[in-house]
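The values are calculated or read from the model by the stated rules, or taken from the named source; none is laboratory data. Quick caveat, the model's predicted, so the values are computed rather than measured. Here the Cβ positions follow ideal geometry from the backbone for every residue, glycine too, while neighbour counts run over all protein chains shown. SASA here: full protein model, heavy atoms, side chains in, ligands and nucleic acids out. Shrake-Rupley method; radii C 1.70, N 1.55, O 1.52, S 1.80 Å.
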Amino acid sequence: MSAGIYESATETIVTGNAAAALEVARRGLAEGIDPLDLIKKGFVPGINKVGDLFGSGRLFLPELVLSAAAMEQVTGLLNESISSEQEQNQGRVVIATVEGDVHDIGKTIVVSLLKANGFDVLDLGRDVAVGRLIEEADKFNANIIGTSALLTTTMGAQKQLEEELAKSGLKGRFKTMVGGAPVTQRWATRIGADAFAEDAGEAVTRAKALLDMA
Ligand code: B1M
């Protein structure tokens, strides 16, 4: 039963059919499937396939935009259904997609999962400058600053954040976590970020570990 629904979910994103995607998501929830499983095993493979087709020139920007819109709607719906099983007050996280980058689907899933695991999260959205991130982290009294970058051309902002924190003497005050499709542990180590997470589940584990170390 679930295998079929995951394939349908993938297909709705590849074809950029938001109405069908929402219908599959609602059906999955009604069948009692974990919303995160629907995202991970059904919809994410769809958007990854779209990315591959786009990258190899077999699909074009208007189609990518349609698929992204379907993905945004369906993850919006499923994110609301991710249940909170943890006590609140795990820690405070300020998070954003870096300046020049509007990819926020993955970051928003990370936010939902952090919230569901008891973190107090301030999501600044996308295309956010390093200066603003630091300012808001200060006001919010954040424990962690998280950044997402999906473009190789915007990853540099994660390095800039480390540099700005060091320059202003705030490096010790906030832990930093980086993520996004082109981001790796190697990159995180190279720029001096405190943690890297491959996906939203790992982001929660890493955030908890960072606070234990604090
Ligand atoms: Co864009 N795009 N895009 N795009 N897009 C990529 C990234 C690309 C790899 C596609 C490709 O060519 N194969 C390519 C980048 C190439 C490169 O940099 N080398 C690309 C390009 C080129 C572009 C444009 C330049 C296209 C153009 O205009 N010609 C343009 C740039 C716009 C800009 O940002 N300035 C553009 C635009 C767009 C849309 C707006 C149409 C749309 C985004 C809509 C939106 O986000 N609201 C879009 C999409 C959807 C994609 C792909 C297809 C899918 C991204 C996605 O949502 N993945 C993408 C190809 C790909 O990545 N496979 C592509 C699903 C999501 C769940 O995964 O975001 O990786 P992800 O998040 C994961 C983990 O990475 C991790 O957890 C998440 C959940 O598990 N994670 C974190 C993420 N952030 C984290 C933070 C953490 C921890 C973990 O801690 C803080």
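On the stretch given as the range 180-199, residues that are touching a helix residue (DSSP H, G or I) at 6+ places or on another chain (Cβ under 6 Å) and either among the β-branched types (Val, Ile, Thr) or in contact (Cβ under 8 Å) with a residue 60 or more places away in the chain (or both) total 2. Could you tell me whether Glu63 is farther than 19 Å from Glu7 by Cα and either among the charged types (D, E, K, R) or in a loop (DSSP other than H, G, I, E, B) (or both)? Yes.
Scan the range 126-149 for residues that are open to solvent by less than 60 Å² (accessible area, probe 1.4 Å) and either within 10 Å of the ligand (Cβ to nearest atom) or closer than 18 Å to Gln88 by Cβ (or both) and jot them down. If you could, list the steps in order and put the result at the bottom.
Filtering the range 126-149 for residues open to solvent by less than 60 Å² (accessible area, probe 1.4 Å) gives 128-131, 133-134, 136-137, 140, 142-149.
Of everything in the range 126-149, those that are open to solvent by less than 60 Å² (accessible area, probe 1.4 Å) and either within 10 Å of the ligand (Cβ to nearest atom) or closer than 18 Å to Gln88 by Cβ (or both) turn out to be Phe140, Ala142, Asn143, Ile144, Ile145, Gly146, Thr147, Ser148, Ala149.
Anything in the range 173-185 that is over 20 Å from Ile134 (Cα atoms), outside any helix (DSSP H, G or I) and open to solvent by 60 Å² or more (accessible area, probe 1.4 Å)? List them, or say none. The answer is Ala181, Thr184.
Return yes when Asp120 is touching a Gly at 6+ places or on another chain (Cβ under 8 Å) and either touching a residue at least 12 places away in the same chain (Cβ under 8 Å) or open to solvent by 10 Å² or more (accessible area, probe 1.4 Å) (or both) and no when it is not. Yes: the conditions hold for Asp120. When Leu170 is tested against (1) loosely packed, with under 15 Cβ neighbours inside 10 Å; (2) modelled with pLDDT of 95 or more; (3) more than 10 Å from the ligand (Cβ to nearest atom), exactly one condition is not met: (2).
Could you tell me how many of the residues in the range 186-210 are part of a helix (DSSP H, G or I), open to solvent by 60 Å² or more (accessible area, probe 1.4 Å) and within 25 Å of Asp37 (Cβ to Cβ)? Before you say what the answer is, go through the steps one by one.
Taking the range 186-210 as the starting set, the residues that turn out to be part of a helix (DSSP H, G or I) are 186-191, 200-210.
Add one more test, that the residue is open to solvent by 60 Å² or more (accessible area, probe 1.4 Å), and what stays is 186, 189-190, 205-206, 208.
Filter once more, keeping what is within 25 Å of Asp37 (Cβ to Cβ): 205-206, 208.
The total comes to 3.
Asn48 fulfils the conditions (1) within 12 Å of the ligand (Cβ to nearest atom); (2) without any contact (Cβ under 8 Å) to a residue 24 or more places away in the chain; (3) over 19 Å from the mean Cα position of the chain (by Cα); (4) open to solvent by 50 Å² or more (accessible area, probe 1.4 Å) except for a single criterion, (3).
Pairing residues of the range 66-79 that are closer than 10 Å to Phe43 by Cβ with residues that are more than 7 Å from the ligand (Cβ to nearest atom) and of a type in the set (D, E, K, R), at Cβ distances under 6 Å and at least 6 apart in sequence or on separate chains, gives no pairs at all.
Taking the options Leu29, Leu78, Leu22, Leu114, name whichever one is of a type in the set (A, V, I, L, M, F, W, C) and within 10 Å of the ligand (Cβ to nearest atom).
Details: Leu29 fails: within 10 Å of the ligand (Cβ to nearest atom); Leu78 fails: within 10 Å of the ligand (Cβ to nearest atom); Leu22 fails: within 10 Å of the ligand (Cβ to nearest atom).
After ruling out the rest, the residue left standing is Leu114.
Does the range 150-167 hold any residues that are out of contact with any Pro (no Cβ under 7 Å at 6 or more places or on another chain) and more than 8 Å from the ligand (Cβ to nearest atom), and which are they? Within the range 150-167, Gly156, Ala157, Gln158, Lys159, Gln160, Leu161, Glu162, Glu163, Glu164, Leu165, Ala166, Lys167 qualify.
Tell me whether the range 84-107 contains one or more residues that are in a helix (DSSP H, G or I) and among the hydrophobic types (A, V, I, L, M, F, W, C). Yes: the range 84-107 contains one or more residues that are in a helix (DSSP H, G or I) and among the hydrophobic types (A, V, I, L, M, F, W, C).
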